[in-house]
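Rule-based calculations on the coordinates, nothing more; no lab input. Computed from a prediction, not measured in an experiment: that's the story for all the values here. Ideal geometry is used to build each Cβ from the backbone, glycine not excepted, and the neighbour counts take in all protein chains shown.
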Amino acid sequence: MALAAVGAAQQHAFAHGPLVHHVDVGANNYGELRTSAEFQPGSLYADRRLIKVSEQVRARWMSLDSILALRQAGVRFMDITDAQDLHTSSVTEYESTLPLELSQGAAVNKTIDLLSTDLYGLVLEPFTAFHNRYYDSENGRKSSKWLQAQIEEMVQTAKANVTVSSVEHKFKQPSVVARIAGQSDEVVVVSAHQDSVNMWLPWFGRASGADDDGSGTVTILEALRVLLEAGFAPRRTVELHWYAGEEGGLLGSQDIAKQYKDAGRKVVANLHFDMTGFWVRSEPEVIGLVADRTDPETRDLVKKLARAYTRLETREFECGYGCSDHASWNQAGFRSAMAFESDQLEANTHIHSPEDTVATLDFTHMLEFSKLAVAFAYEVGNAKTH
């Protein structure tokens with residue numbers, strides 16, 4: 001997830017450039033990591049990037065140092081350099097039809113009975129073993145290719161008509177798309193982001209990224225597994241996306257949303273999962289729904305799905321500008337919503353550090369989000385089409 005906003009610090013960092021911090025990186029091989037080819041950043045930041053921190057503040061061309069200062073000050077942002085036309089119009093791109101009533105109960109319940117927490121650990125242990133999954137490094141590319149290989153292996157024996165592809169970007173890490181073909185040309189998107197970042201040392205600092213967003217990554221991967229096992233054959237095409245470069249300002253999702261908009265793709269709705277594995281045990285266990293920069297009708301549908309198919313209630317909260325990849329679809333004029341692990345945005349203090357580990361996650365909590373992903377695929381994927 002993109003970093004949290006902190007009011008005055010946001011405005012100071014954006015207006016005045018880098019802030020200086022002194023931190024203990026906690027690595028004995030600090031020098032080796034700095035010079036290792038595996039961790040060297042690519043050419044994305046060879047030139048300044050166009051950065052936007054809110055709807056009210058004009059986008060500004062910024063250097064890498066200034067962008068790092070935004071991260072360290074806790075500022076959410078979108079890097080709109082390569083998707084500027086998404087930010088010049090608020091026109092709705094496609095008037096899609098969402099189901100007014102739930103109609104897929106039997107199929108959804110049969111499929112969610114197939115869900116298990118086993119895959120979470122099996123994938124997360126090696127996925128978080130990458131030193132980091134920084135989006136503009138060779139290491140970030142390797143982690144993406146590893147993830148794609150797991151998905152490709154999963155679909156080899158699929159009963160459904162499914163294909164897996166990668167989407168290349170101007171930075172090193174590709175996004176991954178699994179496409180379950182439907183009967184219509186409409187597309188339903190379920191998503192998470194795959195990259196991780198160390199807030200202080202982005203390209204060579206340790207960032208295990210178990211919750212942010214390894215949890216979302218395996219949440220939708222487990223949903224894909226049971227959809228395939230159940231022989232899911234939707235009316236509408238259903239795609240699962242694992243975005244690269246979310247931590248760089250929603251880079252991968254903006255690229256893809258722009259591609260789909262430019263191609264006239266009929267995107268019905270996007271449901272995004274960014275962090276699904278951590279909650280404070282002294283607080284109620286809920287599904288958090290982002291209330292701002294999302295589509296109210298899609299949020300209402302997600303609430304219905306949660307009531308019908310999970311054991312958790314939903315609670316809305318505001319996430320702020322550039323919060324996560326759902327914002328890219330919203331900016332492109334498509335319906336979007338985002339499910340989050342709780343209604344407390346900053347409850348998990350481990351993210352963007354070496355402490356964001358598998359040991360901090362609750363797999364039974366994550367299972368409720370996999371149920372939600374399955375239900376969204378069925379109910380929206382099989383809703384009446386135009």
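Annotations
- For the chain, adding -39500 (n - 2.57) for each run of n ≥ 4 DSSP H residues and dividing by the number of residues yields -10000 deg cm²/dmol at 222 nm.
- Each label was represented as a point 7 Å from its Cα along the Cα-to-Cβ direction; for GLN344 and ALA233 these points are 4.7 nm apart.
- Cα convex hull of segment 90-381 - mean projected area over all directions, nm²: 13.2
- Counting only DSSP beta bridges with both residues in the chain, the antiparallel share comes to about 45 percent.
- Mean Cβ count within 10 Å, highest first, over the residues of peptides 377-384, 154-161, 333-340, 295-302: 333-340, 377-384, 295-302, 154-161
- Relative exposure of ILE220, ILE351, judged by other C-beta atoms within 10 Å (fewest first): ILE351, ILE220
- Label-to-label distance, nm, for residues given as LEU98 and LYS159 (7 Å Cα→Cβ offset): 3.0
- Placing +1 on the Cβ of every Lys and Arg and -1 on the Cβ of every Asp and Glu, with no other charges, gives segment 300-366 a dipole of roughly 440 debye about its Cα centre.
- Charging the Cβ of each Asp and Glu at -1 and of each Lys and Arg at +1, and nothing else, the dipole of the chain about its Cα centre rounds to 700 debye.
- Of the residues GLY288, HIS169, TYR94, the one whose Cα sits farthest toward the positive end of the charge dipole of the chain, with +1 on the Cβ of Lys and Arg and -1 on the Cβ of Asp and Glu, is TYR94.
- Per-pair calculated FRET efficiency, R0 = 41 Å: ASP47 and ASP113 via Cβ, rounded to 0.05: 0.20
- Simple Cβ-charge dipole of segment 156-244, Lys/Arg +1 and Asp/Glu -1, about Cα centre, in debye nearest 20: 200
- Relative contact order (%) - segment 116-252, alpha-carbon pairs under 8 angstrom, separation at least six: 34
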